[in-house]
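Novice: First the structure, which I've put down as structure tokens, then a few questions once you've had a look.
The values are calculated or read from the model by the stated rules, or taken from the named source; none is laboratory data. In this text the structure is predicted, and so the values were computed from the model without any measurement. Counting neighbours? That spans all protein chains shown, and the Cβs are built from the backbone with ideal geometry, glycine included.
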């Protein structure tokens, strides 16, 4: 199936731990993103990569570090997790063209206790 | 900062009713996209409107882009329980920025 897939689906961890979320797309898209959806369902852009190069880095704590080994993969590593990091994290991909639609993964629900 | 304001935030209706969701901004967008998100899944694109004044229909859903390209609406005719979900409008920000989203409208249609 052609899709954006991210793992794990659920992640429960304690404050202070380090965790990673993986994302892969087989749609042949040039651009990948990480969005954070808070408890009120607001989706906010965190990072965007185009062909492994970081092009958007919103105001995100530097505890969050994206890594793109190739244009089909964009992983998110989070250090020293805090309670406020609890949210659903979505990976997405699109063509580079302006106004191209996003294709989202099914999200990773991160719960920090 | 470009913002997209959606209203209403929540909508609970009976099957067969009509409804309209609004997406407004003080900024001009080259296009606006509408997505629907179901629980446990990512948003899925419904439609993109590009031309000011454009109207697009998708079965019982009608999307309109304002003449000034600052606002859009989604009208659902004869809503069904399967229409239940979170509806999000989104527009691309200034050059070099990613898609920004409105805060969404949670629709619940009961039979």
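Novice: Report, by residue number, each residue of the range A:95-113 that is at pLDDT below 95 and more than 8 Å from chain B (Cβ to nearest Cβ).
Specialist: Result: A:95, A:96, A:97, A:100.
Novice: With respect to the numbered conditions (1) buried (at least 21 other Cβ atoms within 10 Å of the Cβ); (2) part of a loop (DSSP other than H, G, I, E, B); (3) at pLDDT 95 or above, which one is the sole condition not fulfilled by residue B:29?
Specialist: For residue B:29, the failing item is (3).
Novice: Out of all the residues in the range A:85-99, which are surrounded by fewer than 20 Cβ atoms within 10 Å (Cβ to Cβ), in contact (Cβ under 8 Å) with a residue 24 or more places away in the chain and closer than 21 Å to residue B:30 by Cα?
Specialist: Once the filter is applied, which keeps residues that are surrounded by fewer than 20 Cβ atoms within 10 Å (Cβ to Cβ), in contact (Cβ under 8 Å) with a residue 24 or more places away in the chain and closer than 21 Å to residue B:30 by Cα, the range A:85-99 yields A:95, A:96.
Novice: Out of the residues in the range A:69-83 meeting the condition of being modelled with pLDDT of 95 or more and not in a loop (DSSP other than H, G, I, E, B), tell me which one is farthest from the other protein chains (Cβ to nearest Cβ).
Specialist: Only one residue tops the list, namely A:83.
Novice: Could you check how many residues of the range B:40-74 are in a loop (DSSP other than H, G, I, E, B), at the interface with another protein chain (Cβ under 10 Å from one of its Cβ atoms) and either under 10 Å from the mean Cα position of the chain (by Cα) or free of Cβ contacts under 8 Å to residues at least 40 places away in the same chain (or both)?
Specialist: Result for the range B:40-74: 4.
Novice: Turning to a different aspect of this structure: When you look at residue B:108, is it surrounded by fewer than 16 Cβ atoms within 10 Å (Cβ to Cβ) and outside any strand (DSSP E or B), yes or no?
Specialist: no
Novice: Just the residues that are closer than 17 Å to residue B:88 by Cβ and more than 8 Å from chain B (Cβ to nearest Cβ), please, taken from the range A:36-64. Spell out the reasoning first.
Specialist: Keep residues of the range A:36-64 that are closer than 17 Å to residue B:88 by Cβ, which gives A:36-46.
Hits for the range A:36-64 are A:36, A:37, A:38, A:39, A:46.
Novice: Checking the condition within 19 Å of residue A:100 (Cβ to Cβ), within 15 Å of the chain's Cα centre (by Cα), at pLDDT 95 or above and not in a loop (DSSP other than H, G, I, E, B), which residue from A:35, A:49 passes?
Specialist: Details: A:49 fails: at pLDDT 95 or above.
Only one candidate passes the filter, namely A:35.
Novice: Might you check whether a residue that is farther than 20 Å from residue A:19 by Cβ and surrounded by fewer than 19 Cβ atoms within 10 Å (Cβ to Cβ) occurs anywhere in the range A:71-80?
Specialist: Yes, there is a match, as at least one residue in the range A:71-80 is farther than 20 Å from residue A:19 by Cβ and surrounded by fewer than 19 Cβ atoms within 10 Å (Cβ to Cβ).
Novice: Would you mind finding the one in A:16, A:28 that is under 18 Å from residue A:95 (Cα atoms) and not in a strand (DSSP E or B)?
Specialist: None of the others qualify; the one that does is A:28.
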